[in-house]
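Chemist: This is the structure, below, for whatever I ask next.
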Amino acid sequence: MKRIFLSEKIVLLAIIANAVVIFWMSFPGWREDVSLKLIDDFFIFFFLIEAIVKISTYGRKAYFQDNWNRFDFALVVGSLPALLSAFLPIPNTSILLIFRLLRLVRLVKFLWFIPNMKHILVGLGRAFKASVFVLIALAFLNLLLSVISCQLFGEDVPELFETPITASYTIFQMFTVEGWNDIVEQVEKSDPTHSGINIAGIRIYFVIIVLFGGIFGMSLANAIFVDEMTIDNNAVLEQKIDVLQEKIDQLQRTLAEKS
């Protein structure tokens, strides 16, 4: 167990060091630095050796039964073209750039060392499944409102509502309640001939969007998501209450028999 713990510490240190190198290489003056590239290639090789050692230790079947191992193996294989480019004259194409960017995803390995990470991921998956229908309803509402807004304000404010796609982004921004009042002001000022009734109608229209999509819709999705994430804690509490209730019932039966 101590050897396994030490190997995990080494992998964790390698991930942190790799993160520092990748961060350093993101600066324009260091992107083509040969030394940093060699260090980054070393980490690709290191994680490749780690995968090979795990496969030889656990066996191919047992290794690939674990989702984390499959994900890790995919990252290692995806990083190999960037490693081979250091030894072979591979053209610097956009595909190779995508493979190089996979080294950023390698840092996800850091999540393995977070306590109860698998438990958290299970909760995330369950929360997403529970809230998926609310998200679909919000997406449909966004689509509907984007088409309506495009017809109403597309000519006056084309930068916000010219097309349904542009309008969809604007409506989503209003769902997040981020700067929605600025959008309303921009629509109001787009046509100086707007009467008081038109301005009131515009404000009511956008307030309804914020209320149903932003405050009600997003809050509902967030409430369902949080509830599913914490349901395991509630299950443990309910189990303890059931055990306590069983002990109380047993104590009452014992007292009844003695009396």
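Chemist: Taking the range 52-85 as the search range and keeping residues that are surrounded by 12 or more Cβ atoms within 10 Å (Cβ to Cβ) and part of a loop (DSSP other than H, G, I, E, B), which one is modelled with the lowest pLDDT?
Modeler: Out of the qualifying residues, it is SER85.
Chemist: Any idea which of ILE202, ILE197, ILE183, ILE171 is in a helix (DSSP H, G or I), farther than 26 Å from SER219 by Cβ and of a type outside the set (Phe, Trp, Tyr)? It would help to see each step written out before you state the result.
Modeler: Working: ILE202 fails: farther than 26 Å from SER219 by Cβ; ILE183 fails: farther than 26 Å from SER219 by Cβ; ILE171 fails: farther than 26 Å from SER219 by Cβ.
Result of the check over ILE202, ILE197, ILE183, ILE171: ILE197.
Chemist: Still on this structure: Could you tell me whether the range 23-34 includes any residue that is in a helix (DSSP H, G or I) and among the polar types (S, T, N, Q)?
Modeler: The answer is no; no qualifying residue exists.
Chemist: Let me ask another. Taking only pairs six or more apart or across chains, which ones have beta-carbon atoms under 7 Å, a first residue in the range 10-35 that is assigned by TED's automatic domain parsing to the domain that holds SER79, and a second residue that is basic (Lys, Arg) and surrounded by 11 or more Cβ atoms within 10 Å (Cβ to Cβ)?
Modeler: ILE15/LYS109; ASN18/ARG106; ILE22/ARG103; MET25/ARG31
Chemist: Let me ask another. Just to be sure I understand the filter: pairs with C-beta atoms under 8 Å, separated by 6 or more residues or on different chains, first member in the range 183-204 and basic (Lys, Arg), second member surrounded by fewer than 11 Cβ atoms within 10 Å (Cβ to Cβ). Which pairs pass?
Modeler: Pairs that qualify, where the first residue is basic (Lys, Arg) and the partner is surrounded by fewer than 11 Cβ atoms within 10 Å (Cβ to Cβ): there are none.
Chemist: Moving to a separate point now. Return a yes/no flag: does the range 212-230 have any residue that is closer than 30 Å to VAL11 by Cα, at pLDDT below 90 and not charged (D, E, K, R).
Modeler: For the range 212-230, residues closer than 30 Å to VAL11 by Cα, at pLDDT below 90 and not charged (D, E, K, R): present.
Chemist: Continuing with the same structure: Being more than 33 Å from the chain's Cα centre (by Cα), modelled with pLDDT of 85 or more, of a type in the set (Asp, Glu) and part of a helix (DSSP H, G or I), is that true of even one residue in the range 155-162? Working first, answer last.
Modeler: Start the filter on the range 155-162 by keeping residues that are more than 33 Å from the chain's Cα centre (by Cα), which leaves 155-156.
In the following step, the residues that additionally are modelled with pLDDT of 85 or more were identified as 155-156.
Keeping just the survivors that are of a type in the set (Asp, Glu) gives 155-156.
Next, only the ones that are part of a helix (DSSP H, G or I) stay: none.
Within the range 155-162, not a single residue is more than 33 Å from the chain's Cα centre (by Cα), modelled with pLDDT of 85 or more, of a type in the set (Asp, Glu) and part of a helix (DSSP H, G or I).
Chemist: Another question, then. Step by step: first the residues of the range 166-206, then only those that are of a type in the set (A, V, I, L, M) and under 29 Å from the mean Cα position of the chain (by Cα), then the one that is surrounded by the fewest Cβ atoms within 10 Å (Cβ to Cβ). Which residue is that? Steps first, please.
Modeler: Just the residues of the range 166-206 that are of a type in the set (A, V, I, L, M), to begin with: 167, 171, 174, 177, 183-184, 187, 197, 199-200, 202, 204.
When the remaining residues are screened for being under 29 Å from the mean Cα position of the chain (by Cα), the result is 167, 171, 174, 177, 183.
Numbers: ALA167: 25, ILE171: 28, MET174: 22, VAL177: 13, ILE183: 22.
This residue is VAL177.
The values are calculated or read from the model by the stated rules, or taken from the named source; none is laboratory data. Owing to the predicted nature of the structure, the values given are computational and were not obtained by experimental measurement. Reconstructed Cβ throughout: ideal geometry from the backbone, glycine too, with neighbour counts over all protein chains shown.
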